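First up is the structure itself, then whatever we jot down about it.
The values are calculated or read from the model by the stated rules, or taken from the named source; none is laboratory data. Being a predicted model, the structure only gives us computed values, none of them experimental. A quick note on method: Cβ atoms are made from the backbone with ideal geometry, for glycine too, and the neighbour counts reach across all protein chains shown. Note: areas computed on protein heavy atoms with side chains; ligands, DNA, RNA excluded. Shrake-Rupley method; radii C 1.70, N 1.55, O 1.52, S 1.80 Å.
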Amino acid sequence: MKIGRLQINAKTTLSGLGGVFLAAGVGFGSPAVAQEEINVSIVSGFSPAVAAVRMLKESFMPGVDARLAETGTYKINWQEAFSGTLAKPAGELEAIETGLADMGVIPTAFHADKLPVYQIGYVTPFTTTDLVLIHEVVDGLVDKYPAFRDTWTGLNQVTLSASGIPDNYILCSSEPINSLADIDGLKVAGAGPNLRWIEPAGATGVTGSLGNFYQLVETGVVDAMLVWGEAVVSLKFYEVCENYFNANLGGVNSYVINANQQAWDRFPDEVKDAMVAAAKQFGVDIGEFAAELGGKARETFVANGGSVVEIDPQERAKWAATLPNLAQEWVDSLEADGVPAGEILAEYMQAMRDADQPIARQWDQ
């Protein structure tokens, strides 16, 4: 038989045959080209108990590995920097910008001043609880409108995909909440942009994060927190909150997976392609995970001695109507900087209407 230009006859001995293969660079059970290992540090200030980090470990990272394994040319040596080891929650953006980390997941809500165009979910509450839909629509907007990607140019980053984790914001409280009127006078912890949702109801907003919500309620600094079902279960918020008020505030895009620009430039194209594909799948997986675990929140809450109250649909509509026109404020601010925010908003809301979402307020009208 022939291998390339090498002639092998029946008299070739086994050891001789092995020598032929080795000389030809084929070898037994080894690829012709050595696999290249690439070190990649990946950051989040949160622990794996938080869904975003859990899904990095269960979806994104293995997703990249599986795609690269198809050719075997490259292998990622992941260097995990979670649980505040490299950056605290909300410190991920700076860690990636400065090159302290090669990539990571950034909670956009904590950087409304630097990432205004990414706040579209926070200026359109009461719209949808479908995180996969939000992920797909926002990723489509990112691909279509340069303003999203231009956001990262001055921050020395490349964005791979947008996703979210709050599929439906609710109020988890130490004080009973049975109606909108009961929110009046409460101190409520939130991520920042979402505090404007509850202030018209008479609440006082306190900026916090998943890392300290539990302590804020436990110590009485706040009476309630704006969270979602998955977080209630994953972070055991039911231990400090006895009341679960499902206000059906809706979900938002709240995360991006980004890479440091210099690190990205070093990655081979095959690695880049694998990372982008895995990041987009991460958006789907985290949405499905939040929906699945969030669906268990009510029964988990009740099983631990809590009570669950569903907002009256008419009261939900009333609440939405009392909010300032958050979306128009967002549009006016961005359009002053040349961003076609009105067009972006209209496209986002139309996608929600086309998907028959439970929209309580048409933010683009």
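Quick notes on this one:
- Where a residue in region 113-135 is at pLDDT 95 or above and its partner, wherever it lies, is of a type in the set (Lys, Arg) and assigned to a loop (DSSP other than H, G, I, E, B), with Cβ under 6 Å and at least six apart: Phe126/Arg361
- Of the residues screened, Ile38 is one that is β-branched (Val, Ile, Thr), open to solvent by 10 Å² or more (accessible area, probe 1.4 Å) and assigned to a strand (DSSP E or B).
- Every residue from region 173-229 that is hydroxyl-bearing (Ser, Thr, Tyr) and in contact (Cβ under 8 Å) with a residue 24 or more places away in the chain: Ser173, Ser174, Ser179, Ser209, Tyr214
- Considering region 138-227, the qualifying strands (runs of 3 or more DSSP E), each wholly inside and each with 1 or more residues that are within 16 Å of the chain's Cα centre (by Cα) and not small (Gly, Ala, Ser), run over 157-163, 169-173.
- Residue check, Val308 open to solvent by 20 Å² or more (accessible area, probe 1.4 Å) and part of a strand (DSSP E or B): yes
- Of the residues making up region 306-314, none is touching a Phe, Trp or Tyr at 6+ places or on another chain (Cβ under 6 Å) and under 22 Å from Gly45 (Cα atoms).
Conditions (1) free of Cβ contacts under 8 Å to residues at least 60 places away in the same chain; (2) outside any helix (DSSP H, G or I); (3) hydrophobic (A, V, I, L, M, F, W, C); (4) open to solvent by less than 30 Å² (accessible area, probe 1.4 Å), marked per residue:
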{"position": "Ala291", "(1), (2), (3), (4)": "no, no, yes, no"}
{"position": "Glu299", "(1), (2), (3), (4)": "yes, no, no, no"}
{"position": "Glu329", "(1), (2), (3), (4)": "no, no, no, no"}
{"position": "Met352", "(1), (2), (3), (4)": "no, no, yes, yes"}
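- Residue that is surrounded by the fewest Cβ atoms within 10 Å (Cβ to Cβ) [pool: residues in region 117-137 that are in a helix (DSSP H, G or I) and touching an Asp or Glu at 6+ places or on another chain (Cβ under 7 Å)]: Val132
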